[in-house]
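Some notes on the structure that comes next.
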Amino acid sequence: MRLWAFAAVVGLTLFGMGWYVLKAIRGANPNPTVELTALKRLPKSALLVVSQQEDSQRHVQALVQGKRQTGALECDRLHYRAGIMVCLKNSSFTGVRLSLFDASFKLLHKLDLVGIFASRARVSGDGRYAAATVFVQGHSYADSTFSTYTTIVEVASGKSLGNLESWSASKDGSSIKAADANIWGITFVPQSERFYATYSTKGKRYLVQGNTEGRSFKVIHEGVECPSLSPDGKRIAFKKSTRPGAWQIALLDLATLQESRTAENRFIDDQIEWLDNTHLAYELRLPDSPKVQVWSVRADGSGQPKLLLLEGSSPSGVESVVGSR
Amino acid sequence: MYQVESSSQIGKLRLAGVHRTVLLLGLTSFFTDISSEMVAATLPLYALFGLGLAPLQFGLLDGLYQGSSALVKLASGFAADRWQRHRDVAALGYGLSALAKLGLLLLGGVWSSLIALTLLDRIGKGIRTAPRDALIAANSQPETMAGSFSVHRAMDTAGAMIGPLMAFGLLALAPQRFDLIFAVGFGFGIIGLAVLLFFVPRREGEGTRRPVSWSEAWRGISQPGFGKLVLLAGLLALFTLSDGFIYLQLQRKLELPPIVLPLLAVGTALAYMLLALPLGRLADRRGRWGIFLAGYALLLLVYGALLLPVKGWPLVFMYLLALGAFYAATDGVLMAQASIHLPSEIRASGLALLTTVTSLARFAASLGFGALWTWSSPSVALTVFAVALLLCLLLFRKGVKP
C-alpha cells in the first residue's frame, strides 16, 4: 500500500518535471529572422545593443532610425569601433569567450577567459586593441567575494597582454601595487599606447592611466569607476559611488580634474558609451528586475534623459572613422 | 559508555552490513543533495546574470547561504530529542528546503524574496542534519558505526556530484532558464522527502520512548568525554582551510587552466564517495580516532605540498585523492565517534552542538586565514596553519576515552 502511494508521488513528480523541462527545451533557442548581416553598411547614427527581448535572446541588434535589425551573433557584452567588434559570451563550462569580429561578422580571433561572467568590453578608437573585464569568483581568500579579471588583446595578432594585475602601479611616484588589486573598465586613448581604467586597492578606487608598452599604471584621480573616454579625449564619463553598491553618472574634465553631473539621477551600473562628443548612452536596470533598458543623456548636464530602447543592453556606437572628433 | 540497542532488535533488517533505515536515509540525502547542489551551483549565475545583482548583494546572499544553517541546529537537535521525534523533525527540515525551491520557482525574481528563500532553505538544512544523524546512529551497531555513517555520506556525495552536472546540462539545453533548475530541484526535493516519509519508520530503533528533560540533556552533553571530543574536533576545524581556497592555490601554483576549478571539486567528491565506505569500515576495525587523525594528517600533507615547490599537473590527482580521503576519514567518522559517546536520548542535541562548534571554527579559520593573507602573504598563512595542525595532531594522539 505504502509502496503504491510512494510510486504515485514519485511518478507524478517526475511527470511534472519532465513536462516542464521538455516544454522549456522546445521553446528554447528560437532563431530570429536575421536582418543584420554586416556592420559596415550601418549609418553613423546607428546603435548596437545586445537584445534582451524574449524572442531573440542575447542576439546582436542594430537600432537604425528607430527600427531594430537582429543579427545571428549572440553576445552578452559587445563593443564596436573602427570596424572591429569585441563580443563576450558567458558559457557555463568554459568561462567567458572573447571573440573579435570584423565589420562583416567574420571571426578574427577567439580567446577563453577565466571567469564566471562578462562585465565590460571595449575596442580602442583606432581598432588596435580590445579589452574585457570578467567577474571571477574566489580570487580573494573569502570564497564568496568576487574580483575581476581584466585583459587587453591585440586585435591584429589575437594575443592577450595577460593579467593586468601583474603590472606595476604608482601614485605620486611610489608604488601602490598590492595583492588585493582589481582592475576594470578599460577605455583606450586612440593612436597611442595609453588607456584609462579603474584600479582598486585597499578600499580605494583610483582612475589610472595605463601604458601597454611600459606595462604600468599611474594614478590620476580617486573615486572614479568604469571610466569611458570622450571622442575628443578631453573628458571621462564614469560611475560615481554615492553609497556602497550604488552609482550615478559623473564626468571628469581631464585638464582641470573637475567633476560634473548629468541630468540622469537614477542609479546606473554600466561603462558609459559616448555616442558623440555630446551624447552618452548607458544601460538602465529596473530595480529588482532582470529588465534592462538603454537610455541617452547629454554630457553637459542639460536636457533630460531619453529612452532609446526598451529591452536592450551593452549599447555601442557605430563610429566608423578612426579617432573621429 | 552508553550502549546502543541490542543487535537482536535490528539484526534482521540489515543489508550489506548496514541497516535498511540507514540506506533509506542515504537515499533521501541523495535526492535532496541533487536538489540543493543544483541550485547552489547556479545561484551565482542566476543572481548576477539573471537578476543583475551587484557583487556586494551577492556576497550578502552567499554569506547568508553559508552561515544561516547554524542558527537552528541546536534548537532542532534538542527539539528532536526532547519529543523523541527525530524523523519528523528531519522531515520538517527536508520539507522546508523543498518548499524554498518551489518559492524560488514562483517568486525568485526579486532580491528580497531571494534572501528570504535562501534563509528558508538553509534553515531547513540546519533543522534536519542533527536529527538525521541521530537516526543513523540509532540504527547502527557500535561496531559498525563509522561504516554506517560512511555509507550515508557516500550516497549524499553522489547526489552532490550529480546536482551541478544536471543543472549545467539543463542550462545548456535551455539557456537562461533558471526556473528549470528550481523546478527540477523542487521535484527531487519532493522525492527525497517522500522516501523519508513513506519508508523511514517514525520511532524504530530509538533508545527510550519518553521525552527528555533539560537537566538530562545537559548531563548527557556535559560529560567530560564528549566535551573533550567537541574541543578537539573544534581545534582541528580551526586550522582547516576551505576547499575553495585549496583549489585556488592549486590552480595558481600548478598554472592550470581556470576551467579546471569546478572539475577539482568533482574530483574530490568522487574520491570521497569511493573512499568513504572502505575508510569507514577501517575506522570501525582499527580505531575511529586513529583514522580521524590520519585524515587530518592527509590534510597536513596537502598544506605541505602547496608550500613546497613541487610542480607538474599530474600531481592534481594526488591532491584530489588526498582531499577526498581527508573527508572520507573525518566527516562520517567524527559523527560515529561522537554518537558512541552520547546516550541515544540526547544524541541529536549532542551532534548538533558538535557540528555548530566545528562550523564556527571553520568560519573563524576562513577569517583568520584571510587576515593572515592580507597582512603578510599566502605562504606565511599556510605555514601557520600547517604548523598549528601538526601541533594539534601530536597533542591529540591519545584521543578521547568514551
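Filter segment A:249-301 down to the residues that are part of a strand (DSSP E or B) and among the aromatic types (Phe, Trp, Tyr), then identify the one that is surrounded by the fewest Cβ atoms within 10 Å (Cβ to Cβ). Write out each step before concluding.
Keep residues of segment A:249-301 that are part of a strand (DSSP E or B), which gives A:249-253, A:259-261, A:273-274, A:279-285, A:292-298.
Subset that is among the aromatic types (Phe, Trp, Tyr): A:274, A:282, A:295.
On the way: A:TRP274: 22, A:TYR282: 25, A:TRP295: 20.
If we take residues in segment A:249-301 being part of a strand (DSSP E or B) and among the aromatic types (Phe, Trp, Tyr), then A:TRP295 is surrounded by the fewest Cβ atoms within 10 Å (Cβ to Cβ).
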task = Could you list, in sequence order, all residues of segment A:57-115 that are under 16 Å from A:GLU319 (Cα atoms) and touching a His at 6+ places or on another chain (Cβ under 6 Å)?
result = A:VAL86
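When you go through A:ARG58, A:ARG68, A:ARG81 one by one, which is the residue that is within 19 Å of the chain's Cα centre (by Cα), under 23 Å from A:HIS279 (Cα atoms) and basic (Lys, Arg)?
So the residue among A:ARG58, A:ARG68, A:ARG81 that is within 19 Å of the chain's Cα centre (by Cα), under 23 Å from A:HIS279 (Cα atoms) and basic (Lys, Arg) is A:ARG81.
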request  = For segment A:104-115, indicate whether the set of residues that are within 14 Å of chain B (Cβ to nearest Cβ), in contact with a strand residue (DSSP E or B) (Cβ under 6 Å, 6 or more places away or on another chain) and of a type outside the set (A, V, I, L, M, F, W, C) is non-empty.
outcome  = yes
note = Within segment A:238-248, the residues that are open to solvent by 50 Å² or more (accessible area, probe 1.4 Å) and in a strand (DSSP E or B) are A:LYS240, A:SER241, A:THR242, A:ARG243
task = Please find, among A:LYS89, A:LYS23, A:LYS40, A:LYS44, the residue that is part of a strand (DSSP E or B) and open to solvent by 50 Å² or more (accessible area, probe 1.4 Å).
result = A:LYS89
ask   = Going by the conditions given, is B:GLY324 among the small types (Gly, Ala, Ser) and either under 22 Å from B:GLY225 (Cα atoms) or not in a helix (DSSP H, G or I) (or both)?
value = no
query = Residues in segment A:69-78: is at least one among the aliphatic types (A, V, I, L, M) and within 14 Å of another protein chain (Cβ to nearest Cβ)?
reply = no
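Take A:GLN53 and decide whether it is in contact (Cβ under 8 Å) with a residue 40 or more places away in the chain, within 14 Å of chain B (Cβ to nearest Cβ) and open to solvent by 30 Å² or more (accessible area, probe 1.4 Å).
Details: in contact (Cβ under 8 Å) with a residue 40 or more places away in the chain: yes; within 14 Å of chain B (Cβ to nearest Cβ): yes; open to solvent by 30 Å² or more (accessible area, probe 1.4 Å): yes.
Spelling it out, A:GLN53 is indeed in contact (Cβ under 8 Å) with a residue 40 or more places away in the chain, within 14 Å of chain B (Cβ to nearest Cβ) and open to solvent by 30 Å² or more (accessible area, probe 1.4 Å).
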Filter pass, B:VAL316 being in a helix (DSSP H, G or I) and β-branched (Val, Ile, Thr) = yes
message = Going through A:GLY185, A:GLY162 one at a time, which residue ends up being at pLDDT below 90 and either β-branched (Val, Ile, Thr) or at positive phi (or both)?
response = A:GLY162
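So that you can scan it fast, the table gives a plain yes or no per residue for (1) open to solvent by less than 50 Å² (accessible area, probe 1.4 Å); (2) closer than 20 Å to B:ALA137 by Cα; (3) away from chain A (no Cβ under 14 Å); (4) in contact (Cβ under 8 Å) with a residue 12 or more places away in the chain:
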| residue | (1), (2), (3), (4) |
| --- | --- |
| B:ALA265 | yes, no, no, yes |
| B:LEU270 | no, no, yes, yes |
| B:TRP289 | yes, yes, yes, yes |
| B:GLY304 | yes, no, yes, yes |
| B:TYR319 | yes, no, yes, yes |
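Test B:ILE181 against the criterion of being within 27 Å of B:GLY67 (Cβ to Cβ), assigned to a helix (DSSP H, G or I), within 14 Å of chain A (Cβ to nearest Cβ) and in contact (Cβ under 8 Å) with a residue 24 or more places away in the chain, and give yes or no. I'd like the intermediate steps shown before the answer.
Values: within 27 Å of B:GLY67 (Cβ to Cβ): yes; assigned to a helix (DSSP H, G or I): yes; within 14 Å of chain A (Cβ to nearest Cβ): yes; in contact (Cβ under 8 Å) with a residue 24 or more places away in the chain: yes.
So B:ILE181 passes the test.
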task = Quick one: in segment B:94-116, of everything that is open to solvent by less than 30 Å² (accessible area, probe 1.4 Å), in a helix (DSSP H, G or I) and closer than 12 Å to B:ALA47 by Cβ, which residue is farthest from the other protein chains (Cβ to nearest Cβ)?
result = B:LEU104
key: Single condition B:PHE168 does not satisfy, out of (1) under 30 Å from A:CYS75 (Cα atoms); (2) within 11 Å of another protein chain (Cβ to nearest Cβ); (3) surrounded by 24 or more Cβ atoms within 10 Å (Cβ to Cβ)   = (3)
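Of all residues being assigned to a strand (DSSP E or B) and at pLDDT below 80 in segment A:118-141, which is farthest from the other protein chains (Cβ to nearest Cβ)? Just the residue, please. Walk me through how you get there before you give the answer.
Applying the first criterion (assigned to a strand (DSSP E or B)) to segment A:118-141 yields A:118-123, A:129-137.
Filter once more, so that each one left must be at pLDDT below 80: A:136-137.
Values: A:VAL136: 8, A:GLN137: 6 Å.
In this case the residue turns out to be A:VAL136.
Each row is one residue, and each column tells you yes or no for (1) open to solvent by less than 30 Å² (accessible area, probe 1.4 Å); (2) more than 19 Å from B:PRO164 (Cβ to Cβ); (3) of a type outside the set (Asp, Glu); (4) within 19 Å of the chain's Cα centre (by Cα).
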residue	(1), (2), (3), (4)
B:ALA233	yes, yes, yes, yes
B:SER242	no, no, yes, yes
B:LEU248	yes, no, yes, no
B:LEU261	no, no, yes, no
B:MET273	no, no, yes, yes
B:LEU277	no, yes, yes, yes
B:LEU308	no, yes, yes, no
B:LEU315	no, yes, yes, no
inquiry  = Given the condition open to solvent by 20 Å² or more (accessible area, probe 1.4 Å), under 25 Å from B:ASP179 (Cα atoms) and touching a helix residue (DSSP H, G or I) at 6+ places or on another chain (Cβ under 6 Å), answer yes or no: does some residue in segment B:133-147 qualify?
reply    = no
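Is there a residue being within 14 Å of B:ASP33 (Cβ to Cβ), hydrophobic (A, V, I, L, M, F, W, C) and over 20 Å from the mean Cα position of the chain (by Cα) anywhere in segment B:147-156? Break it down into steps so the answer makes sense when it comes.
Just the residues of segment B:147-156 that are within 14 Å of B:ASP33 (Cβ to Cβ), to begin with: B:152-156.
Add one more test, that the residue is hydrophobic (A, V, I, L, M, F, W, C), and what stays is B:154-155.
Pick out the ones that are also over 20 Å from the mean Cα position of the chain (by Cα) and you get none.
No: segment B:147-156 contains no residue that is within 14 Å of B:ASP33 (Cβ to Cβ), hydrophobic (A, V, I, L, M, F, W, C) and over 20 Å from the mean Cα position of the chain (by Cα).
Let's see how each residue does on (1) more than 14 Å from every other protein chain (Cβ to nearest Cβ); (2) within 20 Å of A:VAL123 (Cβ to Cβ):
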{"position": "A:GLY203", "(1), (2)": "no, no"}
{"position": "A:ASN211", "(1), (2)": "yes, yes"}
{"position": "A:LYS218", "(1), (2)": "yes, no"}
{"position": "A:GLY223", "(1), (2)": "yes, no"}
{"position": "A:PRO244", "(1), (2)": "no, no"}
{"position": "A:ASP270", "(1), (2)": "no, yes"}
{"position": "A:LEU275", "(1), (2)": "yes, yes"}
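Report yes if B:ASP33 is part of a helix (DSSP H, G or I), acidic (Asp, Glu) and within 18 Å of B:ILE127 (Cβ to Cβ), otherwise no. Walk me through how you get there before you give the answer.
Numbers: part of a helix (DSSP H, G or I): yes; acidic (Asp, Glu): yes; within 18 Å of B:ILE127 (Cβ to Cβ): yes.
It is true that B:ASP33 is part of a helix (DSSP H, G or I), acidic (Asp, Glu) and within 18 Å of B:ILE127 (Cβ to Cβ).
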inquiry  = Looking at (1) within 11 Å of chain A (Cβ to nearest Cβ); (2) within 23 Å of the chain's Cα centre (by Cα), which one does B:GLN57 not meet, given that it meets all the others?
reply    = (2)
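The values are calculated or read from the model by the stated rules, or taken from the named source; none is laboratory data. Worth saying up front: this structure is predicted, and the values here are computed from it rather than measured. Every residue, glycine as well, gets a Cβ built from its backbone with ideal geometry; the counts of neighbours run over all protein chains shown. Only protein heavy atoms, including side chains, enter the accessible area calculation; ligands, DNA and RNA are left aside. Shrake-Rupley method; radii C 1.70, N 1.55, O 1.52, S 1.80 Å.
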